[in-house]
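Take a look at the structure set out below.
The values are calculated or read from the model by the stated rules, or taken from the named source; none is laboratory data. Since this is a predicted model, take the numbers as computed values, not measurements. For neighbour counting, all protein chains shown are included, and Cβ atoms are generated from backbone atoms with ideal geometry for every residue, glycine included. SASA here: full protein model, heavy atoms, side chains in, ligands and nucleic acids out. Shrake-Rupley method; radii C 1.70, N 1.55, O 1.52, S 1.80 Å.
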Amino acid sequence: MAAPAATTAGEPPQPQPHAPEPGPGGTKGGREDSRAGRLSFCTKVCYGIGGVPNQIASSATAFYLQLFLLDIAQIPAAQVSLVLFGGKVSGAAADPVAGFFINRSRRTGSGRLMPWVLGCTPFIALAYFFLWFLPPFTSLRGLWYMTCYCLFQALATFFQVPYTALTMLLTPCPRERDSATAYRMTVEMAGTLMGATVHGLIVSGAHRPHRCEAAATPGPVTVSPNAAHLYCIAAAVVAATYPVCSSLLCLGVKERPDPSAPASGPGLSFLAGLGLTTRHPPYLKLVFSFLFISAAVQVEQSYLVLFCTHASQLHDHVQGLVLTVLVSAVLSTPLWEWVLQHFGKTTSAFGIFVMVPFAILLAAVPAAPVAYVVAFVSGVSIAVSLLLPWSMLPDMVDDFQLQHRYGPGLETIFYSSYVFFTKLSGACALGISTLSLQFSGYKAGACKQAEEVVVTLKVLIGAVPTCMILAGLCILMVGSTSKTPSQDASRRLSLRRRTSYSLA
């Protein structure tokens, strides 16, 4: 393909004489661009596998950590609130820090992002294991779990930020990036399904009803060593996925930017870039809308197991309901990717609304058939709520680049700041909601909770996610939304990436 004519600084490249406009069918140049940006099936799968450990660990903590802290570690609800809030805040605070250091780090032979992923792997595996370890002392357990959860969340951030930012460096083609994102989401959800299945099956023996039937007193039940041992086994299995999946990611995925070419625009420091991105209207709309939506999903996940255990007669169905949520999310992800491609990303956001009436139905009628229907529909909505922002973020970066001629480091800034705000919202939502259990009289380790606790759990599983989802969708639908770059814009961005767009 012929090189573009030289231009003066600050001017866009001039079109070649008689060069046909690239169309969907593709001219020769369009076909060459398409081939250059096309990702192999193996690359997409390996890229998806790289995110599996964090998703498995996040799923396990989302569904089971709160129950573990309350009923196995038997920490008061107020301390559990601090543990969850502190851990989420540490993860959120680590996002801009990770973006700052990654933005300033030098490129190595394996890239600029990959060394961060590989370097965090052994430490995050250890932090995750000790998060589920029951220490022999009781008075300082709250501090123990606060420390472990903060370390895990911070390390998970230093793993996740470069991994997700790698999407922008796989290919300059927006359609291929969306495809890679769909592969990532599907593989991650499949891994999450397997991990949640293994974790749930291993620890199910620690929460069987007979432990309460055999209790001689109505107070808290003594935790058996077997229960703590089961959680340690589950933690070890999940922790082992980190080195395995990170190795496959390193072997199957390579960063694409060419660091040898000069930049077409000035580089940005992290703080200056953060200031610019937070003033970009389409990005602000995405962030504020998913502040509420992601918090709603986290609350729904965190309280599903507690609701089934203490506010309904569904304790025998906990594992089945968790699997139903995850299976429906895995199966619906390819469908949502098709909807994104054919009907647009804003239209697809209405799929999140489907969760609303069913969440209210579960709180009102906590019967097993209703619970399984709600779990299935919730999985479908969770799939689009997870896929949508990661499909829209690359478009935000492209839209920003078309308006500003800044070169390196943008994707790290966009991704790290987005994760920072969503984690901060989740920290506030989980911290406040768990604190409400303390005010309602939740007794750690007790077999039967007071009626006020039951009502609180129904509100947390129904009304709270409903209000958050409605607020988030209202923000997302107001005004114009940044669209996927056109073929011509995509070609210009592809040229700029080949000559300047690099983290180096």
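Please count how many residues of segment 189-226 are modelled with pLDDT under 70 and open to solvent by 50 Å² or more (accessible area, probe 1.4 Å).
Residues that pass the stated criteria total 11.
Please work out which residue is nearest to residue 344 (Cα to Cα), limiting yourself to segment 373-419 and to residues that are open to solvent by 40 Å² or more (accessible area, probe 1.4 Å) and at pLDDT 80 or above.
Within segment 373-419, the match that is nearest to residue 344 (Cα to Cα) is 386.
Of all the residues that make up segment 289-338, how many are more than 16 Å from the chain's Cα centre (by Cα) and among the aromatic types (Phe, Trp, Tyr)?
Qualifying residue count, segment 289-338: 4.
Return yes or no: is residue 312 open to solvent by 10 Å² or more (accessible area, probe 1.4 Å), closer than 27 Å to residue 72 by Cβ, assigned to a helix (DSSP H, G or I) and modelled with pLDDT under 85? Walk me through it before giving the result.
Values: open to solvent by 10 Å² or more (accessible area, probe 1.4 Å): yes; closer than 27 Å to residue 72 by Cβ: yes; assigned to a helix (DSSP H, G or I): no; modelled with pLDDT under 85: yes.
So residue 312 does not fit the description; no.
Enumerate the pairs (first residue in segment 444-456 and closer than 13 Å to residue 70 by Cβ; second residue anywhere and in a loop (DSSP other than H, G, I, E, B) and hydrophobic (A, V, I, L, M, F, W, C)) with beta-carbon separation below 7 Å, excluding pairs fewer than 6 apart on the same chain, so at least 6 apart or on different chains.
The qualifying pairs are 444/75; 445/221; 447/215; 447/221.
Just the residues that are over 22 Å from residue 391 (Cα atoms) and either of a type outside the set (A, V, I, L, M) or not in a helix (DSSP H, G or I) (or both), please, taken from segment 315-334.
Looking only at segment 315-334, we keep the residues that are over 22 Å from residue 391 (Cα atoms), and these are 315-324.
If the condition is that a residue be over 22 Å from residue 391 (Cα atoms) and either of a type outside the set (A, V, I, L, M) or not in a helix (DSSP H, G or I) (or both), then 315, 316, 317, 319, 320, 324 are the ones that fit.
Could you check how many residues of segment 119-154 are of a type outside the set (S, T, N, Q), open to solvent by 30 Å² or more (accessible area, probe 1.4 Å) and either over 19 Å from the mean Cα position of the chain (by Cα) or not assigned by the TED database to the domain that holds residue 90 (or both)? Talk me through it step by step, then tell me what you get.
Step one: list which residues in segment 119-154 are of a type outside the set (S, T, N, Q), which gives 119-120, 122-137, 140-146, 148-152, 154.
With open to solvent by 30 Å² or more (accessible area, probe 1.4 Å) added as a condition, the list becomes 119, 122-123, 126, 129-130, 133-134, 136-137, 140-141, 143-144, 146, 150-151.
Going one step further and asking which of them are either over 19 Å from the mean Cα position of the chain (by Cα) or not assigned by the TED database to the domain that holds residue 90 (or both), we end up with 119, 122-123, 126, 129-130, 133-134, 136-137, 140-141, 143-144, 146.
Of the residues in segment 119-154, 15 are of a type outside the set (S, T, N, Q), open to solvent by 30 Å² or more (accessible area, probe 1.4 Å) and either over 19 Å from the mean Cα position of the chain (by Cα) or not assigned by the TED database to the domain that holds residue 90 (or both).
Looking at segment 300-309 only, could you name the residues that are within 16 Å of residue 379 (Cβ to Cβ) and surrounded by fewer than 23 Cβ atoms within 10 Å (Cβ to Cβ)?
Residue satisfying the conditions is 301 alone.
Which one is farthest from residue 302 (Cα to Cα) among residues in segment 433-443 that are touching a residue at least 24 places away in the same chain (Cβ under 8 Å), of a type outside the set (D, E, K, R) and open to solvent by 20 Å² or more (accessible area, probe 1.4 Å)? Spell out how you get there, then give the answer.
Start the filter on segment 433-443 by keeping residues that are touching a residue at least 24 places away in the same chain (Cβ under 8 Å), which leaves 433-438, 442-443.
Checking which are of a type outside the set (D, E, K, R) leaves us with 433-438, 442.
In the following step, the residues that additionally are open to solvent by 20 Å² or more (accessible area, probe 1.4 Å) were identified as 435-436, 438.
On the way: 435: 13, 436: 14, 438: 16 Å.
So, considering only residues that are touching a residue at least 24 places away in the same chain (Cβ under 8 Å), of a type outside the set (D, E, K, R) and open to solvent by 20 Å² or more (accessible area, probe 1.4 Å), the one farthest from residue 302 (Cα to Cα) is 438.
Condition check ((1) closer than 24 Å to residue 143 by Cβ; (2) not in a helix (DSSP H, G or I)) across all residues:
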site	(1), (2)
56	no, no
74	yes, yes
80	yes, no
102	no, no
123	yes, no
126	yes, no
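Kindly indicate whether residue 96 is at pLDDT below 85 and within 21 Å of the chain's Cα centre (by Cα).
yes
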